[in-house]
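As structure tokens, the structure follows; a few thoughts come after it.
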Amino acid sequence: MSKARLKRRRELRKKERKDAGLKVVLLAPEKRNLWYYKSLPPISKAYGTLCLFLTTAVQFGLFYLPDIELMYKPVFSSFQVWRLITTFFFLGNFSINFGIRLLMIARYGVQLEKGPFERRTADFLWMMIFGALSLLVLSAIPIFWSPFLGISLVFMLLYVWSREFPNAQINIYGLVTLKAFYLPWAMLALDVIFGAPLMPDLLGIIAGHLYYFLTVLHPLATGNIILRTPRWVNKLVARWRIGAPTPMYSSAQPDRTTQAADGNTSAAFRGRSYRLND
């Protein structure tokens, strides 16, 4: 795609957002909230909603934590396979930390899905699936085991976002401003300071780096793409009509292989970089 055409597309997109923003301001508050919810991209919206529902259900006693936490023994001995799924949708009891995790999905997940993964819903869904599978494998190692992996999956989103928008300026609680590249580590440090367990955050960072390495860093360095979105994920997205399946030739892939062919090893180390306003 030519630079002029790409520039026109960005200008059109900005105009559409501006027009949409004016319409939202004119709406009543309750309609404004509903409009915002409907405008969220499908995967982030579904994940955040399911996390809210399951956490609320636990809070009201509809489910009990011992019945939904990740325990491998009952999974294999009693075929309680739901534990492999429910572990990703509990973000802790109602608290400030729970609200922060939901906001992280609403901000970082949404910005990823609307930015680097725009019109690539299948790729975004596969990133979530790959992250979940990686976390399940890591949790099978006793030292890495964690009963609930929802926070880890949210931290994976945060880590991938920080690599895609490394130069964005982030203000933490009005105290410190730092580049987005360092945000996962800053959040991990804050969680430890306030008494939260270290392992869920660390697992999310490991899973996020594994995904980013296989899909961005390694292809930039070698020109070979190891981790591709499976065909069944594209078919799933197309059948459910929940977004855009991955194009046959993604616009990001030629850029990666071209940079690798030019021997741009420094770019391979840094990865890609997006601006939030694009």
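The values are calculated or read from the model by the stated rules, or taken from the named source; none is laboratory data. Values in this document were obtained by computation on a predicted structure and should not be read as measured data. Note that we place each Cβ from the backbone using ideal geometry, even for glycine, and neighbour counts take in every protein chain shown.
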Self-check item: Answer residue from segment 92-144, given it is of a type in the set (Ser, Thr, Tyr) and touching a residue at least 24 places away in the same chain (Cβ under 8 Å) and is farthest from SER39 (Cα to Cα) among those
Solution: SER139
Quiz item: What residue, of SER77, SER146, is surrounded by fewer than 16 Cβ atoms within 10 Å (Cβ to Cβ) and among the hydroxyl-bearing types (Ser, Thr, Tyr)?
Solution: SER77
Quiz item: Taking PHE117 and the conditions (1) within 21 Å of ILE206 (Cα to Cα); (2) part of a helix (DSSP H, G or I); (3) of a type in the set (A, V, I, L, M, F, W, C), which numbered condition does it fall short on, given that it satisfies the others?
Solution: (2)
Quiz item: Does VAL216 fit the bill of being touching a Leu at 6+ places or on another chain (Cβ under 7 Å), modelled with pLDDT of 85 or more and under 21 Å from LEU125 (Cβ atoms)?
Solution: no
